[in-house]
Amino acid sequence: MEMLDSNGLMKSIVPIFKDKYKSDKSSLEQYVWVKDGSVDVFGKESNLKHTAALKKIDWQSTLREFLDMVNSRGLELTMVGANDIEKNIKGYKPYDDDEEREARHGTKTGLDEDMDRNLSIPDSEAKKILYEYYKSLFDNKIVIPFRLKPVVDTKNGVKTHATYYFSVPSENHYFNIRNKDHKVVSGNAWTELMKVMRWMDTFLALLSGLEDAHRTATDIEGPATEEEKKMIKSVNDNLKIIREVIFNNADDVKQQSEEIDEESELDKLHDDAERAYLKYGEAQKQFEIIRKQENAAEKEARTSSSKRSKSALKAAKSALRASLAAVRATKSVYDVKYKKYSKLAQEIAEEDERERAADEFAQGLKGRGLRGAGVAPLEGVVRRGRTYNLNEIQGLATPSAYVYRQLGSKYIRIPDLDAKTLVIVQPNRRKCGPKCQISDSLQGMIRTLVYKQHIDQPTYDKLSVDDKKMFKEILAITHLQYNFHDKLTDPLETLRAEYDKLKGEIELGNDNPSIIKQLKSLTVDMYSNRLIDDKEFKQIISRLL
């Protein structure tokens, strides 16, 4: 520090900002300095820390500028403190079959160097699946059944590209994208395309296209021509390739470059699988809605031969195919996530079992000196310090097992349920879902579900709208909404139907007092659930009063 001061270096180390902050002139009013063992940025006039500026600095350029300044003044820097320790590098001893082994594509080290860090996780995985798909088509010399157009971000939203398409893959060029003149997209055009490319949507478009091609192939009747046979074979080969690629990527667990916390990694995989499952559930819900719309459009087309009904039916079928493709895509993603989660959970359980067995083996017989020959520890019980766990000796469960009871993929706290309070937790006891007071009838429904794994339909029908919504939410959180043969009716749909029926009775002139009383209650429920707006609510209430 004194040497720097004496040579006029005090406050002269000006920070160099990163490219995107080059226009910020505040660096001229700051300096970089070592104080209290840490490198910080200070204001030249105030001598106060500017912590926010640390993220803007290009440290490599700043250090280079500092070293150039030191050399220009004829100074030498001396290392202070402990020297770096040189590690001995052991020689690599090859195994017999090393020459026959091939590295997985794109992985040069333990890091994910083949993954684009600018992409989200689903986009990065979708890009890798598409790459492996086109590579497999090239390796197996399989014909592409249709031209897939990339899905991109535009000023008007997400759309398929108007002119670009994926052509036949070639060697070392599996993403063979061409323009309307059938020329390969390269250079700046390729760079700009990669910036706006939506890989997950493109992957879904591929699944949808293969679904359409498969439907076309299955609709062929009678003896097929040679061209039709080739087309059917091409579609089947493509479907086989995409299935293999998806499931191969499920097994592709990359080696990490550093040790990770297995429990936190297991929680992360659990959360990823849960999010994928929720997306799969939403896609199924959307598919059911669109299928109802398609059935309604088909009935209308049978009764009416107008162009409007036919075009509506065609649009509904197209939407149904897209929705089905989305269901299959989200299910594939969920299968991948769940497979990784279950594999790691099994590995952790096996490792714990091996450690427990090793501990038991290492304990053996413990001597007692002159007092005796020895005493064998209790079998199957791990001694912690100088005490044993009574639950383990008696073969009982831990206290937590009596407090919580499994409900689908989650656990519910029984003492809180007895107190009419809903508390749902993850397997690691982290709370999830709403924590709230519940009614007696809803408490009975949850008890039946927890202890008997059964839904009492008559009791459910008697619940209030809010209790029905809460029960449906519990099924969604615990992933039990698809575990039963008969689906529960949506309380909001039932509320809407009852409201429309009573409203129609009033409009027809039926002013029965019981109908008016029921409609008042339903109107309040509709308004509280945001199914009607302020205007309609005021009109109905003023009319009933």
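Points worth noting:
- Once region 468-493 is narrowed to residues that are over 13 Å from residue 446 (Cβ atoms) and among the acidic types (Asp, Glu), the residue that is modelled with the highest pLDDT is 493.
- For residue 221, the requirement of being surrounded by fewer than 15 Cβ atoms within 10 Å (Cβ to Cβ), modelled with pLDDT of 80 or more and not assigned by TED's automatic domain parsing to the domain that holds residue 322 is not met.
- Within region 415-440, considering residues that are on the phi > 0 side of the Ramachandran plot and surrounded by fewer than 16 Cβ atoms within 10 Å (Cβ to Cβ), the one modelled with the highest pLDDT: 420
- Boolean, residue 446 is closer than 26 Å to residue 345 by Cβ and either touching a strand residue (DSSP E or B) at 6+ places or on another chain (Cβ under 9 Å) or β-branched (Val, Ile, Thr) (or both): no
- Checked against (1) among the basic types (Lys, Arg); (2) more than 25 Å from the chain's Cα centre (by Cα); (3) surrounded by 15 or more Cβ atoms within 10 Å (Cβ to Cβ), residue 180 passes all but condition (3).
- Yes/no for residue 460 being surrounded by 13 or more Cβ atoms within 10 Å (Cβ to Cβ), under 24 Å from residue 488 (Cβ atoms) and aromatic (Phe, Trp, Tyr): yes
- Residue pairs meeting the criteria (Cβ under 6 Å; at least 6 apart or on separate chains; first closer than 10 Å to residue 56 by Cβ and of a type outside the set (S, T, N, Q), in region 22-35; second at pLDDT below 70 and surrounded by 12 or more Cβ atoms within 10 Å (Cβ to Cβ)): none
Results for (1) outside any helix (DSSP H, G or I); (2) modelled with pLDDT under 85; (3) over 16 Å from the mean Cα position of the chain (by Cα), shown as yes or no for each residue.
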{"position": "286", "(1), (2), (3)": "no, no, yes"}
{"position": "292", "(1), (2), (3)": "no, no, yes"}
{"position": "295", "(1), (2), (3)": "no, no, yes"}
{"position": "310", "(1), (2), (3)": "no, yes, yes"}
{"position": "315", "(1), (2), (3)": "no, yes, yes"}
{"position": "318", "(1), (2), (3)": "no, yes, yes"}
{"position": "330", "(1), (2), (3)": "no, no, no"}
{"position": "336", "(1), (2), (3)": "no, no, no"}
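- Sub-9 Å Cβ pairs linking a first residue in region 297-315 that is in the same structural domain as residue 212 (by TED's automatic domain parsing) and among the hydrophobic types (A, V, I, L, M, F, W, C) to a second residue that is at pLDDT 80 or above and not in a helix (DSSP H, G or I), at least 6 apart or interchain, number zero.
- Output for region 37-49, where each listed residue is of a type outside the set (Ser, Thr, Tyr) and farther than 13 Å from residue 21 by Cβ: 37, 39, 40, 42, 43, 44, 45, 47, 48, 49
- The one condition in (1) out of contact with any Ser or Thr (no Cβ under 8 Å at 6 or more places or on another chain); (2) among the small types (Gly, Ala, Ser); (3) at pLDDT below 80 that residue 306 fails to fulfil: (3)
- One residue from 202, 216, 163 being at pLDDT below 80 and polar (S, T, N, Q): 216
- Test: residue 504 is at negative phi and either exposed (fewer than 12 other Cβ atoms within 10 Å of the Cβ) or assigned by TED's automatic domain parsing to the domain that holds residue 463 (or both): yes
- Complete set of residues in region 492-531 that are in contact (Cβ under 8 Å) with a residue 24 or more places away in the chain and not in a helix (DSSP H, G or I): 529, 531
The values are calculated or read from the model by the stated rules, or taken from the named source; none is laboratory data. Every value quoted in this text rests on a predicted model; they were computed, and no experiment measured them. Neighbour counts run over all protein chains shown; Cβ positions are idealised from the backbone, glycine included.
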